[in-house]
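The values are calculated or read from the model by the stated rules, or taken from the named source; none is laboratory data. None of the values given here were measured: they were computed from a predicted structure. Heads up, the Cβs are rebuilt from the backbone with ideal geometry, glycines too, and the neighbour counts pull from every protein chain shown. Surface accessibility is based on the protein's heavy atoms, side chains included, excluding ligands, DNA and RNA. Shrake-Rupley method; radii C 1.70, N 1.55, O 1.52, S 1.80 Å.
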Amino acid sequence: MTQPDFEKLHSPTPAFDEVTRQYDKLNQDWNAATSQDERLTVVQQWDQLRKDLETWEALVHLRFNQDTTNSQYQRDREYCDQLRPKLTELAVDLKRKILESSHRASLAATMGQQCFSLWESDVLTYHPSIEQDLVRESELEALYNQLTAGAEISFRGKTYNLSTIARFREDPDRSTRHQANQVTWRWFAENRSQLDDIYTELVNLRTAMSHQLGFNNFVELGYKRMNRIDYNAEDVTRYRDAVRDHVVPLCVELRKAQANKLGVDPLTYWDEPVHDLAGNPRPAGDHDWLLGKAQEMFDAMNHGLDDFFKMMVQGKFMDLKVRKGKAGGGFCTSFPTPGVPFIFANFNGTKGDVEVFTHEVGHAFQCYMSRDQNLIDYLWPTYESCEIHSMSLEFLTWPYMEKFFGQDAERFRRIHLAQSLLFLPYGVAVDHFQHLVYQHASASPDDRHQMWQEVEQIYLPWRRYEDLEHLATGGQWQMQRHIYLDPFYYIDYTLAQTCALQFWQRSQENYAEAMQSYVKLCRRGGEAPFQELCASADLVSPFKEGCLTKVVAAAQRTLGM
Ligand code: ZN
């Protein structure tokens, strides 16, 4: 394979008429097909079309995130947002046709059962009557992105955005952390009503769409949109309860130990990110240094990670530096036509750079390993499975953390493990909150802020916001991008973390076995639903009674709790 090059990657903007013509042809060929081979050829041609369209879409959205102030990128994104529901309609029509085929069983024998399960969800989530609502939903999401990306926060004589101010919130100096939180949350307080308005419109819009499609509420539609195939809301409720019963008590103890270590009483919100007086470990160098160390690490890890990472660096399939106007956060996207992923992040000099980086490389590696799957539907698994690859790589890179943190590596590992446990209650809180929001869609913004406080009391009972007014009145969720942009995409992280902790435990006992099993799982991509993928990698499903108690006990031992 020749070295792909991001700068040479071009994806022509599709014209709707042309795409419609291509779909007409596919439909005609499907109707006319008289053999299994002919039917599979149509599916293959359709797959190539979807790959090309997906490549274009990924590129448009990436460019916009790279510079949210560029008016051409904004226009491209708007065009893309307007076209997407129309493309969905064309795809859904063909999916429905294939689902209704009398040859379904024999097709499934070749194509796998999973695509049929996915498409069954997809056809329920779209109808032409919601087209304008979907366009508006994208607009509102972009509005949230632009508003938060444009935040200008003055701090000690300089201006920061929400990405660059973050490092001060985990500064070793307590008053620095406190002040950084004050200015950050003052920005949220000042924009509270606008953030509330965007969310209110999103909740109303999503609820209206769910009614239009025949669902009782957006919880039901949200689960279908997330392609939850082999578990449901009751399973998720039981899992949240297990976190409340088995993880929250340990986290209360972890927070107490942290307070002792820091010598603070009480442990406030601005103390939470710092785990001992020395402050959090920081990578010993900047962007270029970090990439060099990463290459050394992946060379040592082998299993294809070495060549994969070389390809990513050489082809410039990464954008990791902070810039003015660049959207916040980190994500991995992919260009299915050339079969290459792209990593987007905002390095800010904290240990999070290493964590976000290994996380996103995990996604990218999985996607690359799955690039030859026979359907684009299998390029990625559903999200809860996707996050297993990313979160597990964070643990599987543990033996190499000396490269980044030197003598602080052991401290990094302990903090990483503690934070992985502490994340679970927060993650389920975000999920529980969204269930409340969409089950009570007519609630006022103030009601919603109160709902957030209710879930905080269940899962985060140690939280002390003190004088941080916006947080003390239930506003913390407004920083959580997923709540706006990807409804119900959050429990996924906790389910995956529960699996990643199992990989961690196995890697402590037999590293080579854990690595092999990990790479094998990456290769499977999305060819099976969550619990089936878990089982194939010898992972206990998070929905199984007792799953959490086992990993929590192992982590507890390691942390000496
Ligand atoms: Zn991820």
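The angle between the Cα long axis of helix 233-242 and the main principal axis of the chain comes to about 20°, on a 0 to 90 degree scale. The alpha carbon gyration tensor of the range 6-126 gives principal lengths a ≥ b ≥ c with a/c of 1.5 or higher and a/b greater than b/c, which makes the shape prolate.
The stretch between PHE155 and THR20 holds 43.4 nm of extra length on full extension. This uses 0.36 nm per residue minus the Cα-Cα distance.
Protection proxy ranking of 43-50, 353-360, 282-289, 514-521, by the mean of other Cβ atoms within 10 Å over each peptide's residues and highest first, is 353-360, 514-521, 43-50, 282-289.
Distant-in-sequence amide contacts of TYR160, defined by a placed amide H-H separation under 5 Å and a gap of 5 or more residues or a different chain, comprise ILE153, SER154, PHE155. Surface analysis of the chain yields an accessible area of 40 Å² per residue, using protein heavy atoms and a 1.4 Å probe. Rounded to the nearest 10 degrees, the inclination of helix 511-524 to the longest alpha-carbon principal axis of the chain is 40 degrees. If R0 is taken as 35 Å, the Cβ-Cβ distance between GLN480 and ALA535 corresponds to a FRET efficiency of 0.65.
Here the spin labels are modelled as points 7 Å beyond Cα on the Cα-Cβ line, and at THR69 and LYS544 they lie 5.3 nm apart.
Within the full protein context, the accessible area of THR237 is estimated at about 60 Å² for a probe radius of 1.4 Å. Listed by chain and number, the lysines placed with their C-alpha closer than 27 angstrom to that of LYS544 are LYS224, LYS520; residues fewer than eight positions away on the same chain are left out. Once all protein chains are placed together, MET561 keeps about 90 Å² accessible to a 1.4 angstrom probe. In degrees from 0 to 90, rounded to the nearest 10, what is the angle of the helix 131-149 Cα long axis to the longest principal axis of the chain? So the helix axis and the longest Cα principal axis differ by about 30 degrees. Once the chain from SER193 to HIS103 is taken as fully extended at 0.36 nm per residue, the excess over their C-alpha distance is 27.0 nm. Fully extending the segment from TYR79 to GLN212, taken as 0.36 nm per residue of separation minus the present Cα-Cα distance, adds 45.4 nm. Taking amide H positions as modeled 1.01 Å from N, with prolines and chain starts lacking one, the residues under 5 Å from MET318 and 5 or more places away or on another chain are ILE343. Would you mind checking the range 485-506 for residues with the amide N under 20 Å from a putative spin-label position 7 Å along Cα→C-beta of ALA553? Backbone N within reach: 498-506.
Accessible surface ranking for LEU421, LEU485, 1.4 angstrom probe, highest first: LEU485, LEU421.
On the basis of the beta-carbon distance and an R0 of 35 Å, MET561 and GLN407 show a calculated FRET efficiency of 0.90.
Helical content alone sets the calculated 222 nm signal of the chain at -20500 deg cm²/dmol, taking -39,500 (n - 2.57) per DSSP H segment of four or more residues and averaging over every residue.
D by Stokes-Einstein for the chain, Kirkwood Rh over Cα pairs, 4 °C, 1.567 mPa s: 53 µm²/s.
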